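In what follows, a single structure is set out as structure tokens and then discussed.
The values are calculated or read from the model by the stated rules, or taken from the named source; none is laboratory data. Since the structure is predicted, the reported quantities are computational estimates derived from the model, not experimental observations. Neighbour counts are summed over all protein chains in view; Cβ atoms, including those assigned to glycine, are modelled from backbone coordinates with ideal geometry.
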2 protein chains.
Amino acid sequence: MPTPPNFENFSCPLPLQPGERVVLGHGSGGKLSYDLLTRVILPALGEAAPRGFDDSAIVETGGGQSAFTTDSYVVRPLFFPGGDIGRLAVCGTVNDLAMIGAEPIALSCGFVLEEGLPLATLDRVVRSMREAALESGVYLATGDTKVVEKGKADGLFINTSGIGRLLPGKSISGGGAKKGDVIILSGAIGDHGIAVLSAREGLGFETDLQSDAAPLNGLAAAMLSAGEVHAMRDPTRGGLATTLCEIAAQSGVCVEMDERSIPIHAPVRAACEMLGFDPLYVANEGKLVAFVAAGDAGKILAAMRTHKYGVEAVVIGRVTDAPRSQVRLRTLIGGTRIVDMLPGEMLPRIC
Amino acid sequence: MPTPPNFENFSCPLPLQPGERVVLGHGSGGKLSYDLLTRVILPALGEAAPRGFDDSAIVETGGGQSAFTTDSYVVRPLFFPGGDIGRLAVCGTVNDLAMIGAEPIALSCGFVLEEGLPLATLDRVVRSMREAALESGVYLATGDTKVVEKGKADGLFINTSGIGRLLPGKSISGGGAKKGDVIILSGAIGDHGIAVLSAREGLGFETDLQSDAAPLNGLAAAMLSAGEVHAMRDPTRGGLATTLCEIAAQSGVCVEMDERSIPIHAPVRAACEMLGFDPLYVANEGKLVAFVAAGDAGKILAAMRTHKYGVEAVVIGRVTDAPRSQVRLRTLIGGTRIVDMLPGEMLPRIC
């Protein structure tokens, strides 16, 4: 869920115009998603609205706090190099729990199936969910299956929600970044988005490139043991740029990053150049960005690099205090560019 | 989720036949749903499968137990007499928590929107969710929105998952029914299914009939305070018959009920006669059936009748010990009929 920067000062939005309709960009995870959330959904929810805007909510469950999160998965095609909708559905939700410092325990799974879907396809997807669940140390505690008529869905959609254990006072928020923090990225960006796009459009990058879809709870736990982490998030829809904009806004700080330091695999860079995409906005499903106490950055980085999903971890920038709520990129040629959230929709149905 | 009677003795199922496909009946909540679950989903999930088969799972969340449940809502049309997809999405999940004796706390909400959906429709649905959430005493803690291309979904689908607080040792399972228990139904059956069908097909029953969609957590809490409840479930997809079959199987008991005692509103009875439906299989969204200690039945019934959603509560039968896992109906003309789960699909997309 994108982060409304000034929810504290939230006031009555402009009324809906008659005839306004949902567009694909409302699902981008960028500006239009934020607009839909703040202009339609939150005002209509009123007192029943969420009380925070991190990857997971914190819910008082009696005797302790639990992390709680949800995501629907509509990726197309269902199978792509390095993953499939089942692996995404488990990893994405596990990661949302891990990003607030929770230990993922159990997921729910809601299928919406299109009449006519081969049972063998469902079987393959569920086997992939099992594998990802076992890797993450979670199980599927509860589920539901609905079927709609042929032509009323697109193969299958999956919703997973997740519950995680939170140690009291140990939760991490996107609002925790502080001046002086070092910003660490766990690896190269854009693999997931380009792998899916390539499989969808038959662009033929498949042999070179795999989605990075992976559960990050082990990596996150290793980081939290190694030092002080102030904020953490996995840059999925909307990419690294949108995630950094969210954290800058939520924490009221300035994020300064250096383009040269951001790892991008060669096939992703080539595809982005060919297609006119900015890799900063391309989705990832197995990367995280963390804002850590400067004094602990070395220890945290070292811990990350010993972990399977953190081998390529690097420092990509620092936090300053002004201009507040801004992300500034020192470009390859030495200029400075202000980075904004994804404005429209680049790659629909990427997760 | 339907209840596999002998999951303890679960063994390798028949392999999938090539070419087998999803049919609408797989979403019925009856026999075909059970088949999909036990023959495809559970074997593929393996060690990552659910550990119980009640309306909600029990998850150890550190410092206590939480109830956890999920449901996707694909009802068509989105608005019908007495409710809409938003009210259903909140009430259905609240009820699944309440049916195991939990106090609902928070829901998640995942939207899958079809490109082109009027924002005013979304606004109306979300306002209805707010109203149902406030009535139930829950809030929407976390959410997600995805958009798919025009023609790839049908307006909007909603998934809600829910977390509830469970007092240690106070959970209620569908496996708890005992010989001698009195079976109480909270009110008339079939209103929801017939109201939705009527709105969908323009049959013109609308003026007479409203969906019963309602949150039952208040009613359930009043019942638990009044006496000993051994098992409880809300008969949604698959209707009262399927729910009683599930509990009979899960508890290994015989359910004996009397057709004359089951309340059915006149327009529902008329519609069922006209359309050839058995009201025992028609979906409800605001009713519960409870198996209670015989000595407490009077107190529980009295408590129910003082509650808005239990005014019509009646005793519909008793539990005996043989034949095990069977539901027997004493019919209006004095015969006995063995009642089975819904075999196919009667009303697709009823919730």
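Looking at region B:150-175 only, could you name the residues that are within 25 Å of A:Gly164 (Cβ to Cβ) and more than 7 Å from chain A (Cβ to nearest Cβ)?
Answer for region B:150-175, where residues must be within 25 Å of A:Gly164 (Cβ to Cβ) and more than 7 Å from chain A (Cβ to nearest Cβ): B:Ile158, B:Thr160, B:Gly162, B:Gly164, B:Leu166, B:Leu167, B:Pro168, B:Gly169, B:Lys170, B:Ser171, B:Ser173.
Closer than 20 Å to B:Pro215 by Cβ, surrounded by fewer than 24 Cβ atoms within 10 Å (Cβ to Cβ) and either out of contact with any Asp or Glu (no Cβ under 6 Å at 6 or more places or on another chain) or touching a residue at least 12 places away in the same chain (Cβ under 8 Å) (or both): which single residue out of B:Pro104, B:Pro81 fits that description?
On the way: B:Pro104 fails: surrounded by fewer than 24 Cβ atoms within 10 Å (Cβ to Cβ).
Sole residue among the options that is closer than 20 Å to B:Pro215 by Cβ, surrounded by fewer than 24 Cβ atoms within 10 Å (Cβ to Cβ) and either out of contact with any Asp or Glu (no Cβ under 6 Å at 6 or more places or on another chain) or touching a residue at least 12 places away in the same chain (Cβ under 8 Å) (or both): B:Pro81.
Looking at B:Leu134 and the list (1) assigned to a strand (DSSP E or B); (2) surrounded by fewer than 19 Cβ atoms within 10 Å (Cβ to Cβ), which single condition is not satisfied?
With (1) assigned to a strand (DSSP E or B); (2) surrounded by fewer than 19 Cβ atoms within 10 Å (Cβ to Cβ) applied to B:Leu134, the lone miss is (1).
Of all residues being more than 16 Å from A:Phe68 (Cβ to Cβ) and among the β-branched types (Val, Ile, Thr) in region A:148-170, which is nearest to the chain's Cα centre (by Cα)? Just the residue, please.
Looking at the filtered set, the residue picked out is A:Ile158.
One line per residue, one yes/no per condition, for (1) part of a loop (DSSP other than H, G, I, E, B); (2) over 18 Å from the mean Cα position of the chain (by Cα); (3) farther than 23 Å from B:Glu103 by Cα:
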site: B:Ile172; (1), (2), (3): yes, no, no
site: B:Gly175; (1), (2), (3): yes, no, no
site: B:Lys178; (1), (2), (3): yes, yes, yes
site: B:Ile183; (1), (2), (3): no, no, no
site: B:Asp208; (1), (2), (3): yes, yes, yes
site: B:Pro215; (1), (2), (3): yes, no, no
site: B:Ala220; (1), (2), (3): no, no, no
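Checking B:Ser108 against (1) at pLDDT 95 or above; (2) outside any strand (DSSP E or B): exactly one of these is not met. Which one?
Single failed check for B:Ser108: (2).
Out of the residues in region A:32-65 that are more than 8 Å from chain B (Cβ to nearest Cβ) and surrounded by fewer than 20 Cβ atoms within 10 Å (Cβ to Cβ), which is modelled with the lowest pLDDT?
Filtering region A:32-65 for residues that are more than 8 Å from chain B (Cβ to nearest Cβ) and surrounded by fewer than 20 Cβ atoms within 10 Å (Cβ to Cβ), the one modelled with the lowest pLDDT comes out as A:Gly52.
Cβ-Cβ distance below 6 Å, separation of 6 or more or different chains: which pairs start in region B:227-245 with a residue that is over 15 Å from B:Arg318 (Cα atoms) and end on one that is aromatic (Phe, Trp, Tyr)?
Final answer for the pair search is B:Gly239/B:Tyr281.
From the residues in region A:66-75 that are hydrophobic (A, V, I, L, M, F, W, C) and more than 7 Å from chain B (Cβ to nearest Cβ), which one is farthest from A:Gly101 (Cα to Cα)?
A:Val75
Would region A:203-212 turn up any residue that is touching a residue at least 60 places away in the same chain (Cβ under 8 Å), among the small types (Gly, Ala, Ser) and out of contact with any strand residue (DSSP E or B) (no Cβ under 8 Å at 6 or more places or on another chain)?
Taking every residue of region A:203-212 in turn, none turns out to be touching a residue at least 60 places away in the same chain (Cβ under 8 Å), among the small types (Gly, Ala, Ser) and out of contact with any strand residue (DSSP E or B) (no Cβ under 8 Å at 6 or more places or on another chain).
State all residues of region A:19-31 that are facing another protein chain (nearest Cβ under 7 Å) and either part of a loop (DSSP other than H, G, I, E, B) or among the β-branched types (Val, Ile, Thr) (or both); if no residue qualifies, say none.
A:Glu20, A:Val22, A:Val23
How many residues are closer than 17 Å to A:Leu185 by Cβ and either touching a Phe, Trp or Tyr at 6+ places or on another chain (Cβ under 9 Å) or free of Cβ contacts under 8 Å to residues at least 12 places away in the same chain (or both) if we restrict to region A:309-341?
1
Quick check on this structure: which one of B:Ala195, B:Ala153, B:Ala199 is of a type in the set (A, V, I, L, M), assigned to a loop (DSSP other than H, G, I, E, B) and crowded, with 20+ Cβ neighbours inside 10 Å?
B:Ala153
Looking at region A:83-100 only, could you name the residues that are farther than 22 Å from B:Ile41 by Cα and touching a helix residue (DSSP H, G or I) at 6+ places or on another chain (Cβ under 6 Å)?
If the condition is that a residue be farther than 22 Å from B:Ile41 by Cα and touching a helix residue (DSSP H, G or I) at 6+ places or on another chain (Cβ under 6 Å), then A:Ala98 is the only one that fits.
Identify all residues within region A:128-149 that are facing another protein chain (nearest Cβ under 7 Å), among the charged types (D, E, K, R) and under 23 Å from A:Ala98 (Cα atoms); write none if there are none.
A:Arg130 - this is the single residue of region A:128-149 that is facing another protein chain (nearest Cβ under 7 Å), among the charged types (D, E, K, R) and under 23 Å from A:Ala98 (Cα atoms).
Return the residue satisfying two criteria in turn: it lies in region B:114-127 and is at the interface with chain A (Cβ under 7 Å from one of its Cβ atoms) and assigned to a helix (DSSP H, G or I), and of such residues it is nearest to B:Leu156 (Cα to Cα).
Applying the filter and picking the extreme gives B:Leu122.
Does B:Ala49 qualify as being free of Cβ contacts under 8 Å to residues at least 12 places away in the same chain, farther than 26 Å from A:Pro168 by Cα and of a type in the set (A, V, I, L, M, F, W, C)?
Values: free of Cβ contacts under 8 Å to residues at least 12 places away in the same chain: yes; farther than 26 Å from A:Pro168 by Cα: yes; of a type in the set (A, V, I, L, M, F, W, C): yes.
When the stated conditions are applied, B:Ala49 passes them.
Touching a residue at least 12 places away in the same chain (Cβ under 8 Å), closer than 15 Å to A:Cys351 by Cα and of a type outside the set (Gly, Ala, Ser), is that true of A:Ile189?
no
Mind checking whether some residue in region A:78-85 is touching a Leu at 6+ places or on another chain (Cβ under 6 Å), more than 7 Å from every other protein chain (Cβ to nearest Cβ), over 22 Å from A:Ala283 (Cα atoms) and modelled with pLDDT of 95 or more?
no
Pick from B:Val319, B:Val268: which is β-branched (Val, Ile, Thr), under 19 Å from the mean Cα position of the chain (by Cα) and assigned by TED's automatic domain parsing to the domain that holds B:Ala213?
B:Val268
Quick one: would you say B:Val94 is at the interface with another protein chain (Cβ under 9 Å from one of its Cβ atoms), crowded, with 24+ Cβ neighbours inside 10 Å and in contact (Cβ under 8 Å) with a residue 24 or more places away in the chain? Give the steps one after another, and end with the answer.
Values: at the interface with another protein chain (Cβ under 9 Å from one of its Cβ atoms): no; crowded, with 24+ Cβ neighbours inside 10 Å: yes; in contact (Cβ under 8 Å) with a residue 24 or more places away in the chain: yes.
For B:Val94, the condition - at the interface with another protein chain (Cβ under 9 Å from one of its Cβ atoms), crowded, with 24+ Cβ neighbours inside 10 Å and in contact (Cβ under 8 Å) with a residue 24 or more places away in the chain - is not met.
Hey, among A:Gly187, A:Gly218, A:Gly227, A:Gly204, which residue is modelled with pLDDT under 95, surrounded by fewer than 24 Cβ atoms within 10 Å (Cβ to Cβ) and assigned by TED's automatic domain parsing to the domain that holds A:Arg260?
Just a single option satisfies the conditions, and that option is A:Gly204.
Go through A:Val112, A:Val90 for me and flag whichever is under 26 Å from A:Lys287 (Cα atoms) and among the β-branched types (Val, Ile, Thr).
A:Val90
Test of understanding: among B:Thr69, B:Thr145, which residue is among the hydroxyl-bearing types (Ser, Thr, Tyr), assigned to a strand (DSSP E or B) and over 19 Å from the mean Cα position of the chain (by Cα)?
Checking each option against the conditions leaves just B:Thr145.
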